[in-house]
Amino acid sequence: MEIQKTELEGCYILIPKIFGDERGSFTVPFHAEEMEKLGFQKTCQVNRSVSGKGILRGMHYQEVPDTQAKIVSVVKGAVIDVVIDMRKDSNTYGKYTYALLSGENHQMLYVPRGFAHGFLCLENDTIFEYYVDNNYSPKKDAGILWSDPEIGIPWKKWCQEYGIDYDKLQLKDADRTRPLLKNSKENFYMRYRYLVTGATGQLGYDVVRELQSRGIYDVLAFGSEEMDITDEKRVKEIIGYYQPEVIIHCGAYTNVKEAETEKELAYQINALGSANIASSAEAVNAKFIYVSTDYVFDGKKKAPYEITDETNPLNQYGVSKLIGESLIKKLCSKSFIVRTSWVFGSHSKTPNFVQNILKQAEIKEELQVVNDQLGSPTYTVDLAKFLVDLSSTDQYGIYQAHNEGYCSWYDFAQLALQAAGSFTPIKPITSDKFPSTVERPMDSRMSTVSLKERGFELLPNWEDAVKRYVKEIKREV
């Protein structure tokens with residue numbers, strides 16, 4: 001198949017090879033692997049219409065998240081097929097292109113998601129056919145005005161060339177009253193469709209916010225109430241229907257203490273639930289980012305852990321996350337595993353460490369915080385930026401990402417109080433003075449050398465991150 005570029009990025013004229021002899025001809029109008037290279041996900045429907053000369057259909061599209069890519073062709077007859085680029089971050093936004101498609105020339109047009117599509121029928125009994133990579137959704141059916149003067153499609157000229165009375169073009173009533181492109185509410189962008197789990201948590205919230213700040217609005221974001229990741233059937237239905245290119249899995253069971261007595265629940269969510277998403281990601285050829293933890297290590301190395309170091313979790317939370325890592329590596333070929341630590345962000349369902357420290361400082365005369373456990377604080381705003389950057393690559397594998405530098409919980413708390421302008425005294429104590437039913441790694445520092453080696457920028461220093469975070473939450477108050 002010959003693939004010809006048009007002036008609109010991602011839109012192609014497809015010309016299949018024709019093999020013929022005295023008996024007739026043979027063509028291959030569709031080849032799944034070739035179409036996937038163009039961006040066509042998979043064939044969900046094959047639609048066919050029959051139209052007479054002078055019928056105009058368009059300009060149609062489906063709204064987010066039910067957008068469709070199309071491969072259109074004519075089996076019998078002829079049309080002038082027209083598409084309009086509606087992707088707001090495209091250099092050709094608002095521009096159109098067209099192709100003459102007929103049963104004789106066998107040409108097809110590949111129409112990516114984010115385009116409006118329509119055609120003018122040039123012959124009676126024309127059979128028009130198109131493959132689509134998402135199901136038809138009546139509630140998401142939409143369009144823009146076929147005669148939008150700012151777009152300037154030369155319908156009248158084409159009518160004159162093919163002997164069609166322009167004033168008697170046949171359109172359905174809805175197509176005569178579509179909005180102009182400039183009045184369309186649709187936000188199409190060229191970038192990927194994203195699905196984010198754990199969107200009501202502190203990291204998931206900032207991932208969605210980061211995507212939107214980059215002009216990416218084709219995002220399906222779920223909390224646990226909207227999508228129970230332990231329900232395998234439901235996960236497959238949602239991901240199979242939405243067809244995301246990227247899944248960022250921020251949802252998790254994170255209560256380290258409760259995981260000791262609710263280990264089955266932690267396993268169901270962090271391991272089996274994550275596996276459900278990973279296998280569904282593989283089914284739709286999506287990239288998958290799994291957020292893991294420093295608690296996969298036992299903290300006995302006395303030096304920062306490399307991604308190649310042996311894992312040995314001390315508690316059930318760490319065990320469940322490590323099993324999740326193992327399952328994901330087996331189930332999804334396009335997977336990123338990102339271990340992080342000591343996470344804090346402004347949109348937390350339960351108070352994070354910084355919020356707890358600041359609250360305790362308001363009601364206590366003195367605070368006591370352990371100073372013999374080492375790690376790296378991670379601001380969700382900074383981690384979210386890295387995750388989105390990572391998603392645009394194909395450098396799959398294990399990563400360790402956190403704000404640069406290391407500290408103790410005492411150091412962490414002390415800086416948070418200073419940044420908040422609190423004068424509450426804070427006293428360092430050892431872990432044995434603060435007994436816990438859960439064993440935690442004493443030194444969970446992780447190396448970020450792998451980020452440098454793979455060309456990524458390191459996250460800002462943890463001290464800078466804490467100061468920015470405290471400033472943000474004080475502003476919100």
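Quick look at the values:
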{"item": "Every residue from the range 286-298 that is in a loop (DSSP other than H, G, I, E, B), modelled with pLDDT of 95 or more and not acidic (D, E)", "result": "F297"}
{"item": "Top-ranked residue in the range 202-244 [being in a loop (DSSP other than H, G, I, E, B) and of a type in the set (F, W, Y); ranked as nearest to A401 (Cα to Cα)]", "result": "F222"}
{"item": "Subset of the range 103-120 that is buried (at least 18 other Cβ atoms within 10 Å of the Cβ) and of a type in the set (G, A, S) - its residue that is nearest to the chain's Cα centre (by Cα)", "result": "G114"}
{"item": "Selection count, the range 320-361, where residues are within 21 Å of T378 (Cα to Cα) and among the hydrophobic types (A, V, I, L, M, F, W, C)", "result": "11"}
{"item": "Qualifying residue in the range 132-152 (condition: at pLDDT below 90, surrounded by fewer than 20 Cβ atoms within 10 Å (Cβ to Cβ) and among the polar types (S, T, N, Q))", "result": "yes"}
{"item": "Failed condition for Y469, given (1) more than 20 Å from F297 (Cα to Cα); (2) in contact with a Phe, Trp or Tyr (Cβ under 7 Å, 6 or more places away or on another chain); (3) assigned to a loop (DSSP other than H, G, I, E, B)", "result": "(3)"}
{"item": "Identity of the residue in the range 107-122, in contact with a strand residue (DSSP E or B) (Cβ under 6 Å, 6 or more places away or on another chain) and either in a loop (DSSP other than H, G, I, E, B) or among the basic types (K, R) (or both), that ends up nearest to G143 (Cα to Cα)", "result": "G114"}
{"item": "Per-region count, the range 276-285, residues among the hydroxyl-bearing types (S, T, Y) and either surrounded by fewer than 24 Cβ atoms within 10 Å (Cβ to Cβ) or assigned to a strand (DSSP E or B) (or both)", "result": "1"}
{"item": "Failed condition for T97, given (1) touching a residue at least 40 places away in the same chain (Cβ under 8 Å); (2) out of contact with any Leu (no Cβ under 9 Å at 6 or more places or on another chain); (3) under 28 Å from G39 (Cβ atoms); (4) not hydrophobic (A, V, I, L, M, F, W, C)", "result": "(2)"}
{"item": "Residues of the range 213-244 that turn out to be within 11 Å of the chain's Cα centre (by Cα), surrounded by fewer than 19 Cβ atoms within 10 Å (Cβ to Cβ) and modelled with pLDDT of 85 or more, as a count", "result": "0"}
{"item": "The lone exception for A199 - which of (1) surrounded by fewer than 19 Cβ atoms within 10 Å (Cβ to Cβ); (2) assigned to a loop (DSSP other than H, G, I, E, B) it fails", "result": "(1)"}
{"item": "Failed item in (1) touching a residue at least 60 places away in the same chain (Cβ under 8 Å); (2) within 28 Å of T200 (Cα to Cα); (3) of a type in the set (D, E); (4) touching a Pro at 6+ places or on another chain (Cβ under 9 Å), with D372 passing the rest", "result": "(2)"}
{"item": "Any pair with Cβ under 6 angstrom, 6 or more apart, that starts in the range 258-271 at a residue that is under 11 Å from Y317 (Cβ atoms) and ends at one that is of a type in the set (A, V, I, L, M, F, W, C) and outside any helix (DSSP H, G or I)", "result": "E260/V438; N270/A252"}
{"item": "Breaking point among (1) over 29 Å from the mean Cα position of the chain (by Cα); (2) in a helix (DSSP H, G or I), for F423", "result": "(2)"}
{"item": "Tally, over the range 158-171, of residues that are in contact (Cβ under 8 Å) with a residue 40 or more places away in the chain and out of contact with any Leu (no Cβ under 9 Å at 6 or more places or on another chain)", "result": "2"}
{"item": "Cβ-Cβ under 6 Å pairs, at least 6 apart or on other chains, the range 26-42 side loosely packed, with under 13 Cβ neighbours inside 10 Å, far side modelled with pLDDT of 75 or more and assigned to a helix (DSSP H, G or I)", "result": "none"}
{"item": "Residue within the range 375-395 that is more than 30 Å from S333 (Cβ to Cβ) and surrounded by fewer than 19 Cβ atoms within 10 Å (Cβ to Cβ) present", "result": "no"}
{"item": "Selected residue [part of a loop (DSSP other than H, G, I, E, B), among the aromatic types (F, W, Y) and closer than 24 Å to V284 by Cα] from Y136, Y130", "result": "Y136"}
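The values are calculated or read from the model by the stated rules, or taken from the named source; none is laboratory data. Note that the structure is a prediction, hence the values are computed from the model and not measured. Neighbour counts run over all protein chains shown; Cβ positions are idealised from the backbone, glycine included.
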